[in-house]
């Protein structure tokens with residue numbers, strides 16, 4: 001979208017601009033926690049990449065200052081900080097005994113359970129890098145992820161036996177020097193991980209005191225929504241800045257708090273946001289095996305959680321659950337995450353009685369983050385680091401440059417590409433595949449020689465250094481000379497009764513410029529109301545943004561991190577030969593079944609589009 005794009009006629013514009021009165025009110029509300037805020041800002045300001053510091057050192061400090069406080073909850077088990085730190089120390093020693101040294105990579109292929117977190121903690125305490133493999137990956141995709149990280153050791157849980165067996169090319173495992181199995185009956189050539197860690201001493205490893213903030217701690221894999229995953233490098237510096245900026249400055253938990261995490265530990269919202277916020281103030285982490293909409297609030301109550309982390313689609317799943325008199329029967333006052341759509345923000349907050357929503361914007365490979373520190377509505381928050389929102393050409397999928405070759409900032413309220421300046425204080429850690437790094441960098445943006453990180457996201461400038469996420473580059477498409485943001489069309493569709501999930505994308509039509517809109521819908525009623533859906537969309541969207549095609553599916557394909565996978569949908573387009581699900585086309589003001597006759601009419605240019 002560009003800053004000149006017109007909004008839908010009924011759109012709530014209060015979500016577009018941050019109002020000064022609301023900002024001041026939010027600032028006042030933080031005053032009771034001013035000491036925590038000051039501590040977080042001080043830690044942000046004084047952290048240096050070359051300083052000694054790490055996740056493991058923070059865990060060690062908490063074990064010394066509050067040894068008997070609860071660090072981890074899982075099912076009906078509990079671990080204190082002293083117990084969990086000692087466990088992590090045994091893991092570090094077991095890794096050392098297996099030949100792992102500082103800077104080496106250890107691949108971790110385990111589902112959510114205490115052993116996973118302890119293994120992660122032990123690896124980073126040694127100064128090694130934990131490569132957080134997605135345990136849902138199989139075959140060539142899993143092999144690709146392993147090759148990206150080049151681990152010297154792999155620790156796999158017995159629950160991932162199927163994933164290991166799916167590797168058709170076993171040579172990817174043969175190249176790994178040490179293999180450990182967490183579970184019963186380890187395969188041949190794999191060591192028993194429980195026995196290996198149990199026989200080690202539980203003292204703090206000396207390596208922890210020498211780790212620098214700039215050292216790598218994790219490999220976080222992208223979701224692979226448009227292709228094979230990439231492995232982004234996370235440093236202790238970025239993790240520590242997240243702990244200070246998001247944990248201490250924004251969430252401001254106490255030692256009496258419990259943060260419930262239903263997201264997989266290979267996801268940054270779990271590993272960095274949730275665990276970082278917990279370690280910031282010595283709170284407890286309640287770890288769920290996996291997200292379940294039906295069990296979510298029961299687990300919240302069982303763990304006596306006062307906060308939880310989320311992904312936007314997780315919130316929609318919870319809203320789709322039948323209303324219950326117990327919807328507010330919990331102790332949660334705070335939720336933290338990203339992707340909560342503006343159209344369900346107020347409804348979610350009201351129904352479940354959440355006092356504070358700490359929405360944020362960030363990415364595994366990004367060098368900055370925005371945080372909603374002042375409890376404002378429908379915003380991803382603000383960022384003190386250097387960034388810009390620049391004009392973007394959706395057709396070329398590139399930022400606009402003027403005659404001098406420089407980019408142009410959009411006006412307040414406008415939408416453009418978010419870019420962030422790469423500096424010593426805001427470094428770009430990049431990917432393990434160095435060839436992928438240059439593609440994310442923009443040079444000579446505002447002056448010769450400068451270098452900026454391309455987030456690949458279109459955002460709205462809400463004023464007062466606040467932004468609102470709009471769309472991913474590549475998802476926004478151009479039709480009839482206008483830019484169409486898929487997130488805004490999805491929002492309009494999701495307001496229609498009967499639509500459980502909506503995925504919007506652009507498809508090419510022979511002889512037409514740009515891409516026509518297409519929506520894949522999870523539709524619950526027995527009959528699709530093509531006339532009613534078209535009427536409601538025309539009332540809420542500009543004519544050019546109303547999807548030309550609709551595809552009905554029982555459920556949408558999502559990644560393990562709750563992102564919709566669009567690559568196959570785009571490839572199928574509206575081809576009747578590839579799709580055996582119901583297809584509809586907008587014809588004469590209503591959606592009609594796409595028959596071979598209508599399909600030929602569209603292709604030949606005989607239909608008015």
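A few points about this structure:
- Test: residue in segment 183-204 that is buried (at least 21 other Cβ atoms within 10 Å of the Cβ) and either modelled with pLDDT under 95 or over 17 Å from residue 92 (Cα atoms) (or both): no
- Residue satisfying condition, being in contact (Cβ under 8 Å) with a residue 40 or more places away in the chain, in contact with a strand residue (DSSP E or B) (Cβ under 8 Å, 6 or more places away or on another chain), closer than 15 Å to residue 190 by Cβ and surrounded by 17 or more Cβ atoms within 10 Å (Cβ to Cβ), within set 177, 156, 130, 111: 156
- If you go through segment 498-527 and pick out every residue that is in contact (Cβ under 8 Å) with a residue 60 or more places away in the chain and touching a strand residue (DSSP E or B) at 6+ places or on another chain (Cβ under 7 Å), you end up with 9.
- Note on segment 225-237: among residues that are modelled with pLDDT of 90 or more and either more than 24 Å from residue 563 (Cα to Cα) or in contact with a helix residue (DSSP H, G or I) (Cβ under 8 Å, 6 or more places away or on another chain) (or both), the one that is surrounded by the most Cβ atoms within 10 Å (Cβ to Cβ) is 236.
- Residue match in segment 68-79 (condition: at pLDDT 95 or above, closer than 19 Å to residue 211 by Cβ and surrounded by fewer than 21 Cβ atoms within 10 Å (Cβ to Cβ)): no
- Residue 417 vs. criteria closer than 29 Å to residue 270 by Cβ and not assigned by TED's automatic domain parsing to the domain that holds residue 46: yes
- Answer residue from segment 254-263, given it is touching a helix residue (DSSP H, G or I) at 6+ places or on another chain (Cβ under 6 Å) and surrounded by 24 or more Cβ atoms within 10 Å (Cβ to Cβ) and is farthest from residue 40 (Cα to Cα) among those: 263
- Here residue 168 clears all of (1) surrounded by 15 or more Cβ atoms within 10 Å (Cβ to Cβ); (2) touching a helix residue (DSSP H, G or I) at 6+ places or on another chain (Cβ under 9 Å); (3) under 29 Å from residue 228 (Cβ atoms) except the condition numbered (1).
- The strands (runs of 3 or more DSSP E) found wholly in segment 314-412 include none carrying at least 2 residues that are at pLDDT below 90, outside the structural domain of residue 486 (by TED's automatic domain parsing) and over 30 Å from residue 288 (Cα atoms).
- Residue within segment 412-420 that is without any contact (Cβ under 8 Å) to a residue 24 or more places away in the chain and touching a strand residue (DSSP E or B) at 6+ places or on another chain (Cβ under 8 Å) present: no
- Residue match in segment 140-150 (condition: part of a loop (DSSP other than H, G, I, E, B) and either at pLDDT 95 or above or assigned by TED's automatic domain parsing to the domain that holds residue 265 (or both)): yes
- Check on residue 379, closer than 20 Å to residue 245 by Cβ, under 25 Å from the mean Cα position of the chain (by Cα) and surrounded by 21 or more Cβ atoms within 10 Å (Cβ to Cβ): yes
- Checking each residue in segment 568-603 for being surrounded by fewer than 13 Cβ atoms within 10 Å (Cβ to Cβ) and part of a helix (DSSP H, G or I) picks out 568, 571, 596, 597, 600.
- Evaluation of residue 117 against the conditions (1) outside any strand (DSSP E or B); (2) in contact with a strand residue (DSSP E or B) (Cβ under 8 Å, 6 or more places away or on another chain); (3) without any contact (Cβ under 8 Å) to a residue 60 or more places away in the chain; (4) under 17 Å from residue 264 (Cα atoms) shows that the sole unmet condition is (3).
The values are calculated or read from the model by the stated rules, or taken from the named source; none is laboratory data. Remember, it's a predicted structure, so these values are computed and weren't measured experimentally. Note that each Cβ is placed from the backbone with ideal geometry, even for glycine, and that neighbours are counted across all protein chains shown.
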